[in-house]
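The block underneath contains the structure these notes are about, expressed in C-alpha cells.
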Amino acid sequence: MQIPKEATRKILLETAREAFFKKGFKAVSMRELSKKTGICLSNIYKYYPGKEDLLEEVLSLLLKAMNDVLEEHDRSENFALNSFASEEYHRNSLREMMTLVVRYREELRLLFFSVQNSRFKDYWERWIERSTAMGMDYMREMGRLHPQIHTDISPFFMYFSCSGWINMMREVVLHKELSSSDIERFIDEYIKFSSGSWIKLMNIERNMIPSEAENSNSNDSV
C-alpha cells in the first residue's frame, strides 16, 4: 500500500527533527534518514532536494516566531513613553519570550549550536544586524515624537543591546537544568533590567511617563 504524499513528508520531517536534535545537522545524512524511514533515497529528494531544506522546515516555526519578534517592535504603542514602564508591556514581552524559549527550546538549541555547516550558520548575526537597524530607526522616530528625551544612541551600543537578547536566549537553552519557573523568573528579571536601563540611558524622567490609569482615561475619552 502506497503511503500518501503528506504522510510521507510528515514521516521524513519528524525523523529528521529527531535526528537533528540528537546528533546535530552535520552528523545526519540523507542516507541515514532513508534507512530510518524506509523511504528510498531518490524518493526523499522528491520531497526535499537537500538536507538543508529539511533543516529549514524543522526550524520553520521558530524562524517565523523570531521574525514576528522583529515585526512586533514597530507596533504604534511601542512609541509611547509609558511602554517602558507599562506592566502590560512587560507581561506581553515576558509571554512572548517564554513562548519562544519553552516551546522552541530544542529548535533553539539546534540553531545555536549545531548548524555550522548549513546556510543558517550566520543566522543569529543576520538577525542581530536586522534588529540593530530597526532599533536605530526606532530611536530616530522616538526622537521626532519625543524631542525631550535622549535618542542619539551609538550604532554599536544598539548592536550590543540586540545581541544581549540573543545571548539571554542562548544561556537559557544551554542550561538544561532550568525549569519553566526558573526561566520565567530569569526572563522577567532581564526585561525589567533592560527597561530600567533604557529609561536611564534615554533620560526619560518618571514625570514624563503617563500612568496606566491616565493612559486608560485618555483612551476612554477618545
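The values are calculated or read from the model by the stated rules, or taken from the named source; none is laboratory data. Values in this document were obtained by computation on a predicted structure and should not be read as measured data. As a convention, Cβ positions derive from the backbone with ideal geometry for all residues, glycine included, and neighbour counts pool all protein chains shown.
Does the stretch 160-173 contain at least one residue that is of a type in the set (Ser, Thr, Tyr), modelled with pLDDT of 95 or more and either in a helix (DSSP H, G or I) or not assigned by the TED database to the domain that holds TYR123 (or both)?
Yes: the stretch 160-173 contains one or more residues that are of a type in the set (Ser, Thr, Tyr), modelled with pLDDT of 95 or more and either in a helix (DSSP H, G or I) or not assigned by the TED database to the domain that holds TYR123 (or both).
Considering only residues that are part of a loop (DSSP other than H, G, I, E, B), modelled with pLDDT of 95 or more and not small (Gly, Ala, Ser), which ones fall in the stretch 103-131?
TYR104, VAL115, ARG119, PHE120, LYS121, ASP122
Which of the residues that make up the stretch 159-180 are hydroxyl-bearing (Ser, Thr, Tyr) and surrounded by fewer than 17 Cβ atoms within 10 Å (Cβ to Cβ)?
Across the stretch 159-180, the qualifying residues are SER179, SER180.
Please find, among SER60, SER93, SER83, SER76, the residue that is among the polar types (S, T, N, Q), loosely packed, with under 13 Cβ neighbours inside 10 Å, at pLDDT below 95 and closer than 30 Å to TYR138 by Cα.
Criteria check complete, one pass: SER76.
Given the structure, is ILE183 touching a residue at least 40 places away in the same chain (Cβ under 8 Å), surrounded by 17 or more Cβ atoms within 10 Å (Cβ to Cβ) and under 17 Å from ARG103 (Cβ atoms)?
Working: touching a residue at least 40 places away in the same chain (Cβ under 8 Å): yes; surrounded by 17 or more Cβ atoms within 10 Å (Cβ to Cβ): yes; under 17 Å from ARG103 (Cβ atoms): yes.
Answer is yes for this residue.
Taking the condition surrounded by 13 or more Cβ atoms within 10 Å (Cβ to Cβ), without any contact (Cβ under 8 Å) to a residue 24 or more places away in the chain and aromatic (Phe, Trp, Tyr), does PHE112 pass?
No.
Would you check if there is a residue in the stretch 59-76 being part of a helix (DSSP H, G or I), touching a Leu at 6+ places or on another chain (Cβ under 9 Å), in contact (Cβ under 8 Å) with a residue 40 or more places away in the chain and farther than 16 Å from SER131 by Cα?
Yes, the conditions are met somewhere in the stretch 59-76.
From the set of residues in the stretch 125-134 that are surrounded by fewer than 18 Cβ atoms within 10 Å (Cβ to Cβ) and touching a residue at least 40 places away in the same chain (Cβ under 8 Å), which is nearest to SER154 (Cα to Cα)? It would help to see each step written out before you state the result.
Residues of the stretch 125-134 that are surrounded by fewer than 18 Cβ atoms within 10 Å (Cβ to Cβ), as a first pass: 125-126, 129-130, 133-134.
Cutting the leftovers down to touching a residue at least 40 places away in the same chain (Cβ under 8 Å) gives us 130, 134.
Numbers: ARG130: 15, MET134: 13 Å.
The qualifying residue nearest to SER154 (Cα to Cα) is MET134.
Quick check, is LEU100 aliphatic (A, V, I, L, M), over 27 Å from GLU87 (Cα atoms) and assigned to a helix (DSSP H, G or I)? Walk me through how you get there before you give the answer.
Values: aliphatic (A, V, I, L, M): yes; over 27 Å from GLU87 (Cα atoms): no; assigned to a helix (DSSP H, G or I): yes.
No.
Please enumerate the residues belonging to the stretch 191-222 that are farther than 21 Å from HIS150 by Cβ and either exposed (fewer than 15 other Cβ atoms within 10 Å of the Cβ) or at pLDDT 95 or above (or both).
If the condition is that a residue be farther than 21 Å from HIS150 by Cβ and either exposed (fewer than 15 other Cβ atoms within 10 Å of the Cβ) or at pLDDT 95 or above (or both), then SER211, GLU212, ALA213, GLU214, SER216, ASN217, SER218, ASN219, ASP220, SER221, VAL222 are the ones that fit.
I need the full set of residues from the stretch 135-155 which are within 18 Å of ASN67 (Cα to Cα) and buried (at least 17 other Cβ atoms within 10 Å of the Cβ), in order please.
Correct list: GLY135, TYR138.
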